[in-house]
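One structure follows; several queries about it will come next.
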Amino acid sequence: MKQVTYRGPEQITVDEWISPELPANYVAVKVAYVGVCGTDLHLYAGHMDSRVTTPHVPGHEMSGVVARIGAGVNEWKLGEKVTVRPLLPCKNCRTCNEGNSHICPKLKFIGVDLGGAMQPEWIVPAELLHRIPEQITLRQGALIEPLAVAIHDVRMADLDPTDVITIVGAGPIGLLIGIVCVSRGHKTFITDIDQTRLDVAKSHGMIPVTPDQVEAAAREATNGLGTDVVFEVSGSAGGATLISSIVKPRGKIIVVGIHAELRQFNLQQIFHKEVTMQGARVYKSIDFDDAIAFLATRTKELEPLITKVFPVEDALEAYLSLTRGGSIKNLIAISEPAI
Ligand SMILES: NC(=O)c1ccc[n+]([C@@H]2O[C@H](COP(=O)([O-])OP(=O)(O)OC[C@H]3O[C@@H](n4cnc5c(N)ncnc54)[C@H](O)[C@@H]3O)[C@@H](O)[C@H]2O)c1
Ligand SMILES: [Zn+2]
Ligand SMILES: [Zn+2]
């Protein structure tokens with residue numbers, strides 16, 4: 001039984017796993033599949049070393065089955081298919097008490113601040129488990145976490161049914177936001193510098209446009225106004241400069257992308273058009289529930305977002321191939337639970 005271990009910048013090994021103790025109120029999830037995302041790539045590059053204690057097991061987008069149940073846990077049965085909402089808030093601060101524990105200032109993200117899912121058994125608090133229904137396979141279940149991000153982002157946008165949308169960045173999160181918007185009948189433009197990703201967006205009913213043409217396309221579709229809502233999901237300098245020119249007067253910009261550096265951004269346009277800017281970070285429990293319900297009725301539509309499943313021995317390749325372009329979501333198969 002193997003685990004993936006991060007040992008320092010650009011050092012990942014696959015090692016023998018040692019079964020850990022199971023504390024009370026925790027569950028051991030036998031991990032089936034783990035998705036690799038941009039956060040995992042940042043961690044691999046060493047950008048998160050101030051938060052990570054090495055050796056570290058990465059991973060947070062996963063599916064599995066309940067394998068062991070700690071004392072005091074009554075709501076789970078052995079063998080149930082589950083995914084995990086990987087957030088540990090302090091539960092004690094004003095933000096937590098106001099119902100926003102997902103942005104608790106002391107929030108720990110499991111998989112970064114604590115050991116993650118790329119191991120045969122992931123020991124997590126029972127309260128973080130979400131049941132995966134029959135219609136969703138374990139392979140598809142690894143998409144629930146990024147889909148919950150997208151569901152949260154769309155919820156934060158508080159869309160009007162007639163809103164026209166632009167999404168900047170057609171990575172897994174931008175595509176999932178687009179799929180949710182299209183499912184609700186919104187005309188949805190999406191832009192990216194990666195043509196493969198724009199082709200995928202088109203196959204899901206979005207209108208793909210190159211970054212140099214997105215402003216003109218958005219204006220043409222809206223009598224010159226700009227789109228009602230713009231999602232920034234590229235995390236790029238180019239994306240940051242683009243968004244304020246695409247949005248209509250009194251429109252909304254939802255900032256989803258992680259911008260680790262300061263960006264050039266046109267505040268004059270925000271003022272001039274009375275634009276609202278809204279951040280959107282991870283998810284609440286209800287976003288996981290809604291993501292599961294959404295996926296359960298659209299497994300055939302979402303499955304093609306999984307580009308390739310790598311055996312755990314090839315974990316590094318699952319990371320590196322993402323950086324070469326042409327992929328959407330790579331999964332690592334940790335084990336094959338017998339269900
Ligand atoms: N808000 C949250 O809680 C949350 C959760 C997950 C990911 N994220 C962030 O959201 C962003 C998207 O995540 P992802 O997994 O889809 O990442 P990704 O890196 O796969 O996708 C980003 C996309 O933006 C495109 N891009 C880069 N520069 C561009 C430009 N100038 N114009 C248009 N497109 C451009 C890239 O080609 C890529 O396809 C990342 O910044 C990620 O860190 C945020
Ligand atoms: Zn992720
Ligand atoms: Zn808190």
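For the stretch 111-127, does any single residue satisfy the condition of being touching a residue at least 24 places away in the same chain (Cβ under 8 Å), within 18 Å of the chain's Cα centre (by Cα), within 16 Å of ligand 3 (Cβ to nearest atom) and crowded, with 20+ Cβ neighbours inside 10 Å?
no
A follow-up question, please. Among (1) away from ligand 2 (no atom under 16 Å from the Cβ); (2) of a type in the set (K, R); (3) surrounded by fewer than 16 Cβ atoms within 10 Å (Cβ to Cβ), there is one condition R139 misses while meeting the rest; what is its number?
Of everything listed in (1) away from ligand 2 (no atom under 16 Å from the Cβ); (2) of a type in the set (K, R); (3) surrounded by fewer than 16 Cβ atoms within 10 Å (Cβ to Cβ), R139 misses just condition (3).
Take the conditions free of Cβ contacts under 8 Å to residues at least 24 places away in the same chain and either of a type in the set (S, T, N, Q) or out of contact with any helix residue (DSSP H, G or I) (no Cβ under 6 Å at 6 or more places or on another chain) (or both) and apply them to A318. Does it pass?
Criteria not met by A318.
Just for the stretch 30-39: of the residues that are within 10 Å of ligand 1 (Cβ to nearest atom) and within 11 Å of A318 (Cα to Cα), which one is modelled with the lowest pLDDT?
It comes out as C37.
Okay, moving on. Which residues, taken from the stretch 210-233, are in a loop (DSSP other than H, G, I, E, B) and farther than 17 Å from H186 by Cα?
Of everything in the stretch 210-233, those that are in a loop (DSSP other than H, G, I, E, B) and farther than 17 Å from H186 by Cα turn out to be T210, P211, D212, Q213, G224, V233.
Within the group P23, P105, which residue is away from ligand 2 (no atom under 16 Å from the Cβ), closer than 28 Å to G279 by Cβ and assigned to a loop (DSSP other than H, G, I, E, B)?
Exactly one residue qualifies, and that residue is P105.
Same structure, new question: Output the number of residues of the stretch 190-206 satisfying the condition of being surrounded by 20 or more Cβ atoms within 10 Å (Cβ to Cβ), in a helix (DSSP H, G or I) and of a type in the set (D, E, K, R).
Residues that pass the stated criteria total 1.
Applying the selection to the stretch 12-52, what residues are of a type in the set (S, T, N, Q) and in contact with a Gly (Cβ under 9 Å, 6 or more places away or on another chain)?
N25, T39, listed by residue number.
Further question on the same structure: Give me the pairs, please: first residue somewhere in the stretch 8-29 and assigned by TED's automatic domain parsing to the domain that holds A126, second residue anywhere and of a type in the set (S, T, Y) and assigned to a loop (DSSP other than H, G, I, E, B), beta-carbon distance under 7 Å, and either six or more positions apart or on two chains.
Close Cβ pairs (under 7 Å, with a partner that is of a type in the set (S, T, Y) and assigned to a loop (DSSP other than H, G, I, E, B)) amount to G8/T54.
Then there is this: I need the full set of residues from the stretch 209-234 which are crowded, with 21+ Cβ neighbours inside 10 Å and not charged (D, E, K, R), in order please.
Across the stretch 209-234, the qualifying residues are V214, A218, G226, T227, V229, V230, F231, V233, S234.
Right, here's the next one. Can you pull out every residue in the stretch 250-277 that is surrounded by fewer than 14 Cβ atoms within 10 Å (Cβ to Cβ), of a type in the set (A, V, I, L, M) and over 27 Å from the mean Cα position of the chain (by Cα)?
L267, the sole residue that qualifies.
Considering the stretch 204-229 alone, what residues qualify as being touching a residue at least 60 places away in the same chain (Cβ under 8 Å) and not aliphatic (A, V, I, L, M)?
Within the stretch 204-229, H204, T227, D228 meet the criteria.
Among the candidates V247, V282, V312, which residue alone is within 16 Å of ligand 1 (Cβ to nearest atom), crowded, with 21+ Cβ neighbours inside 10 Å and among the hydrophobic types (A, V, I, L, M, F, W, C)?
Only one candidate passes the filter, namely V247.
Follow-up question, since we're still on this one. Looking only at strands (runs of 3 or more DSSP E) that fall completely inside the stretch 251-339, which ones have 3 or more residues that are of a type in the set (V, I, T) and at negative phi?
Correct list: 306-311.
Go through the stretch 108-147 and count every residue that is within 16 Å of ligand 1 (Cβ to nearest atom) and part of a loop (DSSP other than H, G, I, E, B).
7
Inspect all residues belonging to the stretch 58-78 and state whether any of them is basic (K, R), within 16 Å of ligand 1 (Cβ to nearest atom) and assigned to a loop (DSSP other than H, G, I, E, B).
No, there is no match, as no residue in the stretch 58-78 is basic (K, R), within 16 Å of ligand 1 (Cβ to nearest atom) and assigned to a loop (DSSP other than H, G, I, E, B).
Condition first: away from ligand 2 (no atom under 16 Å from the Cβ) and closer than 16 Å to W122 by Cβ. Now tell me which residues in the stretch 43-63 satisfy that.
Residue satisfying the conditions is P55 alone.
Do the conditions hold for G239, that is, is it more than 21 Å from the chain's Cα centre (by Cα), closer than 23 Å to K187 by Cβ and in the same structural domain as I167 (by TED's automatic domain parsing)?
Considered against the rule, which asks whether it is more than 21 Å from the chain's Cα centre (by Cα), closer than 23 Å to K187 by Cβ and in the same structural domain as I167 (by TED's automatic domain parsing), G239 comes out as no.
The values are calculated or read from the model by the stated rules, or taken from the named source; none is laboratory data. All values derive from a computational prediction rather than experimental measurement. Neighbour counts are summed over all protein chains in view; Cβ atoms, including those assigned to glycine, are modelled from backbone coordinates with ideal geometry.
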